[in-house]
Amino acid sequence: MRFDLQVIASWVQAGSKVLDLGCGTGSLLEHLVREKHVVGRGIEMDEEKVSKAIGRGLSVVQGDLINEVRDYPSGFFDVVILSQTLQQVYQPEEVIREMLRVGKRCIVSFPNFSHWRIRAQILFQGRAPVTRELPHEWYDTPNIRVIALKDFRRFCREQGFTVEKQVAIDTDYRQEQGHALRFFANWRAFYGIFLLGKER
Amino acid sequence: MSEYIDGLSNRAESVGIVERKSFTLPDDAGPFELEGGAHLSPVTIAYETYGELSPARDNAVLICHALTGDAHVAGYYSETDPKPGWWDIMVGPGKPIDTSRYFVLCANVLGSCSGSTGPSSVNPATGKAYGLEFPVVTIGDMVRAQKLLVEHLGIERLLAAVGGSMGGMQVLEWAVRYPDMIAAAVPLATTPRHTALNIAFHEVARQCIMADVNWNRGAYYDSEKPSMGLAVARMIGHVTYLSDEAMRVKFGRKLYEKEAYKFGFDLEFPDFQVESYLRYQGGKFVERFDANSFIYITKAADYFDLAQQHGGGSLTEAMTKARCRFLVVSFSTDWLYPTSRSRLLVQAMKKAGLEVSFSEVEAEFGHDAFLLRNERLFDLVESFLEHALATERKRAETAPKEAWG
C-alpha cells in the first residue's frame, strides 16, 4: 500500500468506525477492514471507482462528498478520512467541520504546494508548476486549491481545529517505503498528513 | 418486460428446462388477511426455483419481479420454447446471479395472473372469476405471501432479495418487515413511494382499461376481453419505461414500411415506426396479461409508501427497522424513478446507520435499463452477492450455536 496510506492506517484504531471521503477504488478502506477490522464506509464521485470499491465488498455510496457526508448522524464515526482530496474541495472549512461533526477525529492529507521544486519551477521557469504530485496542467487540473503545510496549520488555528498529530513525508506517493521529515518540512515535504480533533 | 429478452440470451448458457410450481396456503392456517382488511382464501402462489439449496440453507436468493413480470425468471419451459425467462441474462450458471452457487427463487405476486391468486382466479363463494370482487392487495401483502412460501421451502433466512422497479419495492418491504429473515437487499431502479406523476400515469393506464366497453366492471371472463384498453394501457407504460434518447435512437421519425406520409389514421399501417412498435407491444401484452390484474397491481404500487407504512411518515424511521446490507442502483436515464428517488432511500439508510452501497449506473434505455445487458450492473450485483454470502457464512461461524431440541 502507498506509504501515505500506511501512515493514515497506523493512526486508525482497530475495530473503529471509519468513513473515507473520496475513497476511490477503496484500497485504503479495504486494508482497514481486512487488517484492522474497522467498520468502513466510503464516498466516491466516480462511477467506475465506486463499482470497483463495491466489488471489493465495501459499502460505498456514489455522490458528492459534502452532500453525502451531511446525511450521517453526529458522532457516528470514530475517524473520517479525506486523503489527497482537500486540494479539490470547494468548501474546505465546511467539509472539515462536517467531518468533525460526524466523526470524533479526522485525518486530512494533501500535496504540499510549497515544496522547493514547485517554488523553483515558479521562480526559474516562470510558469505554473507541474510535478509528479500535482501532475496536471493549469487548464485541466481538478485541483482548485494550492495548500502549503504552513497555510494549513494556520487555517486549523483560525478555524479552531485541533491538530493532534502531523506528519510531513518526502516520499513519492506511489511508493510503499518512505519516511517522515523532521526538519524544514514546509520546504521538503511532498505531502502533509494531519490528524484533527474538535476544538477544545 | 419479457419483450427485451429476444436475441439477448444464449440457450447453452441458460439454466435449461425449468418448470412452474405452485404452493397453496394450507387450510388450517386460516384465511389470509390482507392489509386492506379483507380475507382471502384459498391463496395460491406460483413460483420457480433454480439451482440447489445448500445444506446450511444459506444461499437462497429471492428475485422479486416488476409490475407485469412473472415467476419465470430464467430458463425455458421446453426444448422448443422460443423464449427464456425475463431475466435470463442475469440469472443462470456463471451469470451475475449464479445458479451454480445460489438457490434462486421467484414467485408470481399475489393479484397477478400467471398462476398466483388474482382477480382472474375462481372465487369459491360464487364459482366464477373474482373480477372486481377480488380484494385490493398491497406490496406488503405480496411480500407476506412470499414469506410464507419461503418458510414452506424450509428457508429461515434469505441470503438476498433482488428486484427492480416494483420488484425493488418488494425488496425494501422485505428488508423492513422481516429484518431477521434477510441478509442483503438489492433494490434496483426503484422508489420509496410513488409521486403524483407516477400515480397519474398508472391512473391513465387504468382508465384506458375501464373505458373499454368490454371491461364491463371487471366481469369479462365469460365474454370478449377489454383487449384494446389493456393494449393502450401497456403502450402508456412502455413509453414511461424508455427515455427520450432511447426512443430517438431506436425510432427517430422513421416511417413504417413506406416512403412518405400517408396523411391518415390507418389502423393497420401507421405512418411512424414508433406507432407500429407500440401497437405491436400492446398487442403482444394482451396475449399474456389480464386487464384486471393490471389495474390491481398498478394500484398496489400506487399505495406503496415505505415511510408512511413503516416509519410514521419518516423514511429514516422506516429504515431503522432494517438490518441487512443494501446495494441500491439507479440508472442515469430513468425518468420514471429517477436517481433522486434512490438517493432518498440511500440518505435514509445512512441516517439509520445501515451498510449501504449506491451507484448511479450510466445507461441509455431509461427505466428498463435494469432488464438489459449492462456490464456495470452485472459486476455490481455479482460481487455484492459474493461478499454477502462470504459475510453470511462468517457470521454463521462466529454466531453462538443454538442448542437443538
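The values are calculated or read from the model by the stated rules, or taken from the named source; none is laboratory data. Small disclaimer: the values here were computed from a predicted structure and weren't measured. Using ideal geometry, Cβ is built from the backbone for each residue, glycine included, and neighbour counts are taken over all protein chains shown. Each accessible area value is taken on the protein alone, full model and side chains, heavy atoms only, with ligands, DNA and RNA left out. Shrake-Rupley method; radii C 1.70, N 1.55, O 1.52, S 1.80 Å.
Observations, loosely collected:
- Which numbered condition B:LYS350 fails, given (1) touching a residue at least 12 places away in the same chain (Cβ under 8 Å); (2) buried (at least 20 other Cβ atoms within 10 Å of the Cβ); (3) closer than 18 Å to B:ALA185 by Cα; (4) of a type outside the set (Phe, Trp, Tyr): (1)
- Qualifying residue in segment B:213-224 (condition: among the hydrophobic types (A, V, I, L, M, F, W, C) and in a loop (DSSP other than H, G, I, E, B)): yes
- Residue within segment A:83-91 that is open to solvent by less than 10 Å² (accessible area, probe 1.4 Å) and either at pLDDT 95 or above or hydroxyl-bearing (Ser, Thr, Tyr) (or both) present: no
- For segment B:252-268, the criterion of being open to solvent by 40 Å² or more (accessible area, probe 1.4 Å), over 30 Å from B:LYS147 (Cβ atoms) and in contact (Cβ under 8 Å) with a residue 24 or more places away in the chain is satisfied by no residue at all.
- Verdict on B:ARG248 being modelled with pLDDT under 95 and either assigned to a helix (DSSP H, G or I) or open to solvent by less than 30 Å² (accessible area, probe 1.4 Å) (or both): yes
- Checking each residue in segment B:129-168 for being open to solvent by 20 Å² or more (accessible area, probe 1.4 Å), closer than 20 Å to B:ARG325 by Cα and touching a helix residue (DSSP H, G or I) at 6+ places or on another chain (Cβ under 6 Å) picks out only B:ARG157.
- Positions within segment B:179-193 being open to solvent by less than 40 Å² (accessible area, probe 1.4 Å) and either under 16 Å from B:CYS64 (Cα atoms) or in contact with a Phe, Trp or Tyr (Cβ under 7 Å, 6 or more places away or on another chain) (or both), in sequence order: B:MET181, B:ILE182, B:ALA183, B:ALA184, B:ALA185, B:VAL186, B:PRO187, B:LEU188, B:ALA189, B:THR190, B:THR191, B:PRO192
- When we screen A:ARG117, A:ARG132, A:ARG154, A:ARG101 for residues that are open to solvent by 60 Å² or more (accessible area, probe 1.4 Å), closer than 24 Å to A:VAL7 by Cβ and in contact (Cβ under 8 Å) with a residue 24 or more places away in the chain, the only hit is A:ARG132.
A quick yes/no check of all residues on (1) more than 18 Å from the chain's Cα centre (by Cα); (2) part of a strand (DSSP E or B):
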| position | (1), (2) |
| --- | --- |
| A:GLY24 | no, no |
| A:HIS31 | no, no |
| A:ARG41 | no, yes |
| A:SER51 | yes, no |
| A:GLY57 | yes, no |
| A:ASN67 | no, no |
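- For segment B:333-346, the candidate set comprises residues that are in contact (Cβ under 8 Å) with a residue 12 or more places away in the chain and of a type in the set (S, T, N, Q); within that set, the residue that is surrounded by the most Cβ atoms within 10 Å (Cβ to Cβ) is B:SER342.
- Only one of B:GLY311, B:GLY283 that is open to solvent by less than 20 Å² (accessible area, probe 1.4 Å), away from chain A (no Cβ under 14 Å) and touching a helix residue (DSSP H, G or I) at 6+ places or on another chain (Cβ under 8 Å): B:GLY311
- Strands (runs of 3 or more DSSP E) within segment B:97-210 that include 1 or more residues touching a Gly at 6+ places or on another chain (Cβ under 8 Å), closer than 30 Å to B:ALA396 by Cα and touching a residue at least 40 places away in the same chain (Cβ under 8 Å): B:103-107, B:182-188
- Residue, nearest to the chain's Cα centre (by Cα), within segment B:374-392, restricted to residues that are facing another protein chain (nearest Cβ under 9 Å) and open to solvent by 20 Å² or more (accessible area, probe 1.4 Å): B:GLU382
- Here B:VAL171 meets each of (1) open to solvent by 10 Å² or more (accessible area, probe 1.4 Å); (2) out of contact with any helix residue (DSSP H, G or I) (no Cβ under 7 Å at 6 or more places or on another chain); (3) not acidic (Asp, Glu) with one exception, condition (1).
- Within segment B:1-33, the set of residues being surrounded by fewer than 12 Cβ atoms within 10 Å (Cβ to Cβ), assigned to a loop (DSSP other than H, G, I, E, B) and modelled with pLDDT of 90 or more comprises B:GLU19 only.
- Any chance A:LYS150 is touching an Asp or Glu at 6+ places or on another chain (Cβ under 6 Å), more than 18 Å from A:MET45 (Cα to Cα) and basic (Lys, Arg): no
- Only listed residue being within 24 Å of A:THR25 (Cα to Cα), within 14 Å of another protein chain (Cβ to nearest Cβ) and more than 20 Å from the chain's Cα centre (by Cα), chosen from B:SER357, B:SER342, B:SER330: B:SER357
- All positions within segment A:23-38 that are more than 21 Å from B:GLN347 (Cα to Cα) and either small (Gly, Ala, Ser) or open to solvent by 30 Å² or more (accessible area, probe 1.4 Å) (or both): A:THR25, A:SER27, A:GLU30, A:HIS31, A:VAL33, A:ARG34, A:GLU35, A:LYS36, A:HIS37
- Residue count for segment A:39-58, restricted to those that are facing chain B (nearest Cβ under 7 Å) and open to solvent by 10 Å² or more (accessible area, probe 1.4 Å): 4
- If you filter segment A:8-22 down to residues that are within 16 Å of A:GLY197 (Cβ to Cβ) and assigned to a loop (DSSP other than H, G, I, E, B), you find that the one that is most open to solvent (accessible area, probe 1.4 Å) is A:GLN13.
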